[in-house]
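A.B. asks: This is the structure I want to talk about, given as structure tokens.
The values are calculated or read from the model by the stated rules, or taken from the named source; none is laboratory data. Predicted model, so just to flag it, every value in this text is computed and none were measured. Here the Cβ positions follow ideal geometry from the backbone for every residue, glycine too, while neighbour counts run over all protein chains shown. Surface areas here come from the heavy atoms of the whole protein model, side chains and all, with no ligands, DNA or RNA. Shrake-Rupley method; radii C 1.70, N 1.55, O 1.52, S 1.80 Å.
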Amino acid sequence: MPHRQPSAQYETERLDALRKLELLDTPPSEAFDRITRMAAQLFKLPVAAVSLTDADRQWFKARVGVEHTSIPRELAPCANVADSCRMLVVPDLQADACYRDSNLARTGVRFYAGAPLMTRDGYCLGAMCVLGQEPRDITEAERAGLMDLAAMVMAQIELQHAIGRIEPSSGMPNRSQFIEDMSDLANERPRGEVRLAAMVNLATPEQISDAMRAMGTAYLDEVVEEAVRMLRAALGPGRKLYHVAPTQFVFLAEPGADVQRFCDWLGSWLDLRADAMTARFVTTPTIGVAPFRVGQSDTLEVLRDMHSAAHDALDGSHRVRVFSAEQNAVFLRRFYLVNEFGAALESADQLRLVFQPKIELSTGRCLGAEALLRWNHPVLGEVSPGEFFPLIEQTSLARATTRWVLAQALQQLAAWRDAGLTLQMAVNVSAVNLTETDFCAHVAGQLRRHGLPPEALALEITESALMKNRALAMKTLENLSAAGVHLAIDDFGTGYSSLAYLQSVPARVVKIDQSFVRDLDTDRHKRALVSTVIKLSHDLGRRVVAEGVETAAVATLLLAEGCDQAQGYLYARPMAPEDFERWICAKWTLPRERKAVPPPVLACA
Ligand code: C2E
Ligand code: MG
Ligand code: MG
């Protein structure tokens, strides 16, 4: 066992080693108490302790015959053991020049024997000690016995420490060990040095779940074992590999490694592995690389960055991805928005509806309005539905959101109809709403509640809404249609756009997406496309609405092509209810007086 001279540096390192074991001030444990009792019995003495030498105290992890849990370090014989790393025997404290004035001697202790508690790295943590109230000598057998008991204490300490740092399934160092080693790195390498850490993610959570279902856990163990063998072979001896999650491994690149070359090397390792794999289980392994600064970066953040990069790699063609702060910012904003939206739904003032008129092209009349959701976040301000809807539509919030919009829109519609505005209200519906078994009943209930006929409501569904759980979604649409609610296919042209599909959906209206409508007057191809969609939709008995009409030229063309209705900034932007009312009243009176447009269907209050 190496003997270290007590120096300031040794003492700093020794205290560091002691604190890393996280033993100080922990509750008593039977494993240590038992060894301590054995020490007292061996010497037939009333007092024994496992005494750890902290900066200014001796703290007892285990004790027999002592009341207090610690004594001052000064003049404590155990502190001498910690400094010298040697066994210390004091036959009579009161006759010893060093210890005559010690606290122990004053309380009547005469005999002391302490064996050093040495770590593998040669740091002495304190002593396994026995004390007596009579002066006495120590036999060679007792000396050897006390040394053995000290070794047992150390074995116990190391065992307990390892338990939290080894992944039992693989016997490899785990996440806690990685965190500890990263903090140690600052002692070995220049502070602030940029290093690279890599996380190999062997499979996606879905693949893990599928493999467990189909083949049991043993099969997954096989995949992990094979990957470990290959990673170890690739890294070579002396490079530490950490098993941080069931199918995730982490390691550091050599100091000074070039990012591009490191990524190329990781990519070729993935190719090599794919060729050599014997496990029949199909996975999509990805690797996330994160640069960090030694002693400055937070290890938990480095782990998170690697994880994000490995996850992002699933979306692209490159299976190795370097962490990007910009991409992370996008992810964090999305995550934040989804979390904040729940609160928005419960708040009284964050959400509101705006309404955009739908115009009959041949008459210029306003036939209805589309309700569009707006979100004013207390910190971020206005967040566009184009940003937040795709996010919340993937969560359980989609149900509550559509219900909120439906309730508000129908309440507004009922108020307008009471005031004499016989409009139809269009509400956008998310894909998952169509898979809610009670959706149709809910819609019917809301219409009844507001005393509205079913045809006063149009539900807008995008094509993609029918792609998932098609049978159930179709059933919901059929039920809604049978109940008299009107249905419209929104954003037609951006998704599947199959005419066979168009025929099978019981929708009365096809809304041509604004991307086909914009520049219609200058783009011949778009014009041909729109003309075909209008004709075919009419042949199938559907009416056609053009979205995003911004200019009179486009409106004129659409009318010439036989398009039924239009929506767009040319007529009005989506408006708050009061503005919508003002707008519609102005439209109703102005055109009639000036242009003799046919009378509107509604009377304005
Ligand atoms: P959408 O249902 O196709 O709605 C039409 C979008 O086009 C609206 O954007 C509207 O403001 C915008 N728009 C209307 N006329 C013009 C125009 O002339 N030019 C241009 N450039 N844009 C025009 P908005 O309100 O930002 O909504 C975007 C999308 O968010 C909607 O597309 C819809 O898919 C979704 N969304 C909005 N509100 C709701 C809602 O309550 N429920 C659901 N499920 N989705 C909603
Ligand atoms: Mg819509
Ligand atoms: Mg649309």
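A.B. asks: Kindly indicate whether any position in the range 148-161 is touching a strand residue (DSSP E or B) at 6+ places or on another chain (Cβ under 8 Å) and under 30 Å from Phe323 (Cα atoms).
C.D. replies: no
The rows are residues; the columns are (1) at pLDDT below 95; (2) open to solvent by less than 30 Å² (accessible area, probe 1.4 Å); (3) in the same structural domain as His442 (by TED's automatic domain parsing).
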site	(1), (2), (3)
Ser481	no, no, yes
Val485	no, yes, yes
Ala488	no, yes, yes
Gly495	yes, no, yes
Gln503	yes, no, yes
Glu550	no, no, yes
Ala555	no, yes, yes
Leu559	no, no, yes
Cys563	no, yes, yes
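A.B. asks: Let me ask another. Please go through the range 447-471 and pick out each residue that is open to solvent by 60 Å² or more (accessible area, probe 1.4 Å) and over 23 Å from His538 (Cα atoms).
C.D. replies: Arg448, Arg449, Gly451, Met467, Lys468, Asn469, Arg470, Ala471
A.B. asks: May I ask you to list the residues in the range 505-529 that are under 19 Å from Phe439 (Cβ atoms) and open to solvent by 80 Å² or more (accessible area, probe 1.4 Å)?
C.D. replies: The answer is Arg508, and nothing else.
A.B. asks: Of the conditions (1) more than 16 Å from ligand 3 (Cβ to nearest atom); (2) over 29 Å from Gly445 (Cα atoms); (3) aliphatic (A, V, I, L, M), Met467 satisfies every one except a single condition; which number is it?
C.D. replies: Status for Met467: all satisfied but (2).
A.B. asks: Moving on. Tell me, which helices (runs of 4 or more DSSP H) lie completely within the range 462-541 with 2 or more residues that are away from ligand 1 (no atom under 16 Å from the Cβ) and over 19 Å from Gln565 (Cβ atoms)?
C.D. replies: Once the helices (runs of 4 or more DSSP H) in the range 462-541 are filtered for at least 2 residues that are away from ligand 1 (no atom under 16 Å from the Cβ) and over 19 Å from Gln565 (Cβ atoms), what remains is 470-482, 499-504, 524-539.
A.B. asks: Can you tell me which residue among Ala369, Ala400 is small (Gly, Ala, Ser), at pLDDT 95 or above and either over 23 Å from Leu477 (Cβ atoms) or assigned to a helix (DSSP H, G or I) (or both)?
C.D. replies: Ala400
A.B. asks: Mind checking whether some residue in the range 398-410 is open to solvent by 40 Å² or more (accessible area, probe 1.4 Å) and more than 14 Å from ligand 1 (Cβ to nearest atom)?
C.D. replies: No, because not a single residue in the range 398-410 is open to solvent by 40 Å² or more (accessible area, probe 1.4 Å) and more than 14 Å from ligand 1 (Cβ to nearest atom).
A.B. asks: Being over 30 Å from Asn187 (Cα atoms) and either surrounded by fewer than 19 Cβ atoms within 10 Å (Cβ to Cβ) or small (Gly, Ala, Ser) (or both): is that true of Ala17 here?
C.D. replies: On the way: over 30 Å from Asn187 (Cα atoms): no; either surrounded by fewer than 19 Cβ atoms within 10 Å (Cβ to Cβ) or small (Gly, Ala, Ser) (or both): yes.
Taking the combined requirement at face value, the residue does not satisfy it.
A.B. asks: Then there's this: Just name the residue that is farthest from ligand 2 (Cβ to nearest atom) out of those in the range 445-463 that are among the hydrophobic types (A, V, I, L, M, F, W, C) and without any contact (Cβ under 8 Å) to a residue 40 or more places away in the chain.
C.D. replies: Among residues in the range 445-463 that are among the hydrophobic types (A, V, I, L, M, F, W, C) and without any contact (Cβ under 8 Å) to a residue 40 or more places away in the chain, the one farthest from ligand 2 (Cβ to nearest atom) is Leu447.
A.B. asks: Just one of the numbered conditions (1) within 15 Å of ligand 1 (Cβ to nearest atom); (2) outside any loop (DSSP other than H, G, I, E, B); (3) not hydrophobic (A, V, I, L, M, F, W, C) is not true of Glu581; which one?
C.D. replies: Answer for Glu581: the failing condition is (1).
A.B. asks: If you don't mind, another one. Mind telling me which of the residues Asn433, Asn428 ends up being within 16 Å of ligand 2 (Cβ to nearest atom), open to solvent by less than 10 Å² (accessible area, probe 1.4 Å) and not charged (D, E, K, R)?
C.D. replies: Asn433
A.B. asks: Any residue at all in the range 442-451 that is modelled with pLDDT under 95, outside any helix (DSSP H, G or I) and either at negative phi or more than 16 Å from ligand 3 (Cβ to nearest atom) (or both)? Give the derivation first.
C.D. replies: Of the range 442-451, the ones modelled with pLDDT under 95 are none.
No, there is no match, as no residue in the range 442-451 is modelled with pLDDT under 95, outside any helix (DSSP H, G or I) and either at negative phi or more than 16 Å from ligand 3 (Cβ to nearest atom) (or both).
A.B. asks: Within the range 303-329, can you find the residues that are assigned to a loop (DSSP other than H, G, I, E, B) and open to solvent by less than 50 Å² (accessible area, probe 1.4 Å)?
C.D. replies: Of everything in the range 303-329, those that are assigned to a loop (DSSP other than H, G, I, E, B) and open to solvent by less than 50 Å² (accessible area, probe 1.4 Å) turn out to be Ala313, Gly316, Phe323, Ser324.
A.B. asks: Please verify whether the range 373-394 includes one or more residues that are away from ligand 1 (no atom under 11 Å from the Cβ) and among the hydroxyl-bearing types (Ser, Thr, Tyr).
C.D. replies: no
A.B. asks: So, of the residues in the range 193-216 that are acidic (Asp, Glu) and part of a helix (DSSP H, G or I), which turns out to be nearest to Met306 (Cα to Cα)?
C.D. replies: Looking at residues that are acidic (Asp, Glu) and part of a helix (DSSP H, G or I), I get Glu206.
A.B. asks: Of the residues that make up the range 148-165, is at least one acidic (Asp, Glu), open to solvent by 40 Å² or more (accessible area, probe 1.4 Å) and in the same structural domain as Arg293 (by TED's automatic domain parsing)?
C.D. replies: Among the residues of the range 148-165, not one is acidic (Asp, Glu), open to solvent by 40 Å² or more (accessible area, probe 1.4 Å) and in the same structural domain as Arg293 (by TED's automatic domain parsing), which makes the answer no.
A.B. asks: Give, as residue ranges, the strands (runs of 3 or more DSSP E) completely inside the range 1-77 that count at least 3 residues that are in contact with a Ser or Thr (Cβ under 9 Å, 6 or more places away or on another chain).
C.D. replies: So the answer is 47-53, 57-64.
A.B. asks: Scan the range 351-370 and give yes if some residue there is away from ligand 2 (no atom under 16 Å from the Cβ), surrounded by 15 or more Cβ atoms within 10 Å (Cβ to Cβ) and within 30 Å of His307 (Cβ to Cβ), otherwise no.
C.D. replies: Taking every residue of the range 351-370 in turn, none turns out to be away from ligand 2 (no atom under 16 Å from the Cβ), surrounded by 15 or more Cβ atoms within 10 Å (Cβ to Cβ) and within 30 Å of His307 (Cβ to Cβ).
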